[in-house]
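See structure below.
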């Protein structure tokens with residue numbers, strides 16, 4: 001009997017079963033992917049593996065992450081790839097602007113250190129005005145750093161650190177110091193970056209006239225500390241004045257004599273010179289009469305108030321921002337600080353001795369006033385703002401001094417300006433991370449002062465500029481705190497520190513040449529216009545100054561519809 005194999009062999013080829021034998025490797029045009037019989041199901045035609053792993057060259061190296069994937073036939077996956085329509089190797093993105101994200105700067109989360117400070121100064125002075133790129137900081141790197149050539153981390157203090165949900169904080173919208181009317185004409189719009197680049201070298205000024213008198217400073221306050229005993233701040237009723245430029249009878253007389261082209265007070269001028277540091281809104285009225293310019297202020301102007309923690313990273317909140325603590329809102333804090341400065345300057349002087357200036361107080365009228373005049377000297381000083389000898393330009397500034405003291409070595413009289421910083425509650429919102437003055441003012445005075453420089457940059461800069469303009473020898477700064485953090489009507493003096501104004505300006509990185517450049521630039525903008533009235537307004541929410549031309553008589557009503565609150569003098 002024949003075997004099964006013999007029967008199969010005897011069958012004709014065309015009557016056999018199964019697929020015909022062929023040497024082709026394609027089926028209806030579909031490429032054939034070789035596989036191994038030992039592969040698991042689902043891996044026989046797997047071309048989804050990362051192509052980078054296939055470009056290593058040779059057989060795929062062993063990796064435990066790929067131990068279940070095929071080895072035999074792994075190089076056949078490119079056969080199944082879709083054909084490339086065009087060469088993409090030469091494609092590149094032209095625009096290099098960062099993609100805007102909810103964080104505002106694009107995905108910039110570098111982990112390097114803080115950029116180095118340093119201004120880049122352009123060559124050549126160009127007359128007497130020169131520009132400085134980068135302003136005070138000149139920071140171009142910002143948060144940078146990275147890795148050095150040895151593979152180590154570089155960049156100083158570390159990377160950018162965001163607080164909890166900083167990106168979700170709502171934009172704080174502040175109110176402008178004045179309502180812009182529809183009939184005002186916008187002339188110029190200047191951002192702070194441009195202002196920070198201005199630079200004008202000028203002299204130290206000369207005295208023109210001096211009025212008033214000064215009491216001697218009580219040196220006992222220099223020894224006051226929280227340990228030796230706090231001194232209570234008391235209300236001292238003395239007549240003080242803050243007359244605007246065009247209403248000053250002495251300036252009117254000097255203008256008739258053509259003493260200068262520009263006239264201003266130290267309070268107004270310091271605000272303009274320190275404009276790049278400001279955050280809150282303010283305004284200055286500029287009047288051009290003939291070839292003269294008067295820098296004025298409105299009654300109850302915002303720049304008359306002493307702000308608190310204006311430059312703090314988390315400044316005090318308004319009631320509209322959700323703050324429920326009424327006494328720690330910016331308007332209430334400004335009233336409190338203005339009240340403290342008024343009484344502190346009157347309290348720290350000895351009224352038994354005084355030094356008289358060449359003329360009496362030009363604003364005091366004994367027949368009308370019920371209070372004696374405060375210790376105040378008004379020095380009218382002239383500064384040269386000329387760019388060349390062919391076109392001279394001078395400015396006359398009414399400066400103020402608060403007291404006089406004897407030099408400990410020579411015994412000569414030194415002029416003193418007296419100011420006061422105030423602490424409301426170091427644990428409250430808006431304190432700016434301030435230290436507790438009662439425990440840290442003696443042991444860590446440098447840290448306390450550095451924190452105040454950060455949180456009150458514009459206020460301290462203005463005080464320093466006023467002291468330098470008046471040519472004061474010493475600037476006394478008192479540290480006044482609430483007797484009870486929950487009450488703003490009782491205060492105590494914790495100490496007084498004195499500095500030379502120019503040394504303090506160097507510590508703050510304050511440049512008077514930059515301030516004079518700002519003044520000259522604004523003056524030139526107004527001098528190229530026709531006679532009239534202008535107003536310079538700081539935008540409440542942006543780092544921008546806007547110069548408007550306003551109709552005549554615009555401020556005759558003192559804008560009662562948007563007043564800035566007068567300081568409320570509370571009885572101690």
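The values are calculated or read from the model by the stated rules, or taken from the named source; none is laboratory data. What you are looking at is a predicted structure, and each value in this text was computed from that prediction instead of being measured. Cβ atoms come from the backbone with ideal geometry, glycine included; neighbour counts cover every protein chain shown.
Observations on the structure shown:
- Against the conditions (1) at negative phi; (2) surrounded by fewer than 20 Cβ atoms within 10 Å (Cβ to Cβ); (3) in contact (Cβ under 8 Å) with a residue 24 or more places away in the chain, residue 472 satisfies every one except (2).
- Of the residues making up the range 290-306, those that are under 27 Å from the mean Cα position of the chain (by Cα) and surrounded by 19 or more Cβ atoms within 10 Å (Cβ to Cβ) are 295, 296, 297, 298, 301, 302, 303, 304, 305, 306.
- Odd one out for residue 281, checked against (1) touching a strand residue (DSSP E or B) at 6+ places or on another chain (Cβ under 6 Å); (2) surrounded by fewer than 21 Cβ atoms within 10 Å (Cβ to Cβ); (3) farther than 26 Å from residue 453 by Cα: (3)
- Scan of the range 372-398 for residues that are part of a strand (DSSP E or B) and either over 34 Å from the mean Cα position of the chain (by Cα) or not assigned by TED's automatic domain parsing to the domain that holds residue 354 (or both), ordered by number: 373
- Hits in the range 244-277 - residues which are over 11 Å from residue 292 (Cβ atoms), in contact with a strand residue (DSSP E or B) (Cβ under 6 Å, 6 or more places away or on another chain) and surrounded by fewer than 18 Cβ atoms within 10 Å (Cβ to Cβ): none
- Matching entry among 439, 417 (being out of contact with any helix residue (DSSP H, G or I) (no Cβ under 8 Å at 6 or more places or on another chain), assigned by TED's automatic domain parsing to the domain that holds residue 263 and closer than 26 Å to residue 230 by Cα): 439
- On the stretch given as the range 306-330, residues that are part of a loop (DSSP other than H, G, I, E, B), on the phi < 0 side of the Ramachandran plot and in contact (Cβ under 8 Å) with a residue 24 or more places away in the chain total 14.
- Exactly one residue out of 355, 404 is surrounded by fewer than 22 Cβ atoms within 10 Å (Cβ to Cβ), part of a strand (DSSP E or B), in the same structural domain as residue 240 (by TED's automatic domain parsing) and out of contact with any helix residue (DSSP H, G or I) (no Cβ under 6 Å at 6 or more places or on another chain), and it is 355.
- Only one entry of 287, 236 meets the criterion of being under 20 Å from residue 553 (Cα atoms) and surrounded by fewer than 22 Cβ atoms within 10 Å (Cβ to Cβ), and that entry is 287.
- The residues on offer are 360, 368, and the sole one that is assigned by TED's automatic domain parsing to the domain that holds residue 215, over 19 Å from residue 304 (Cβ atoms) and surrounded by fewer than 12 Cβ atoms within 10 Å (Cβ to Cβ) is 368.
- All positions within the range 218-232 that are touching a strand residue (DSSP E or B) at 6+ places or on another chain (Cβ under 8 Å) and either at pLDDT 95 or above or assigned to a helix (DSSP H, G or I) (or both): 219, 221, 222
- Condition met for residue 428 (assigned to a loop (DSSP other than H, G, I, E, B), touching a residue at least 12 places away in the same chain (Cβ under 8 Å) and within 36 Å of the chain's Cα centre (by Cα)): yes
- Residue in the range 438-447 that is in a strand (DSSP E or B) and in contact (Cβ under 8 Å) with a residue 60 or more places away in the chain present: no
- Complete set of residues in the range 399-423 that are over 17 Å from residue 345 (Cβ atoms) and either more than 22 Å from the chain's Cα centre (by Cα) or modelled with pLDDT of 95 or more (or both): 406, 407, 408, 409, 410, 411, 412, 413
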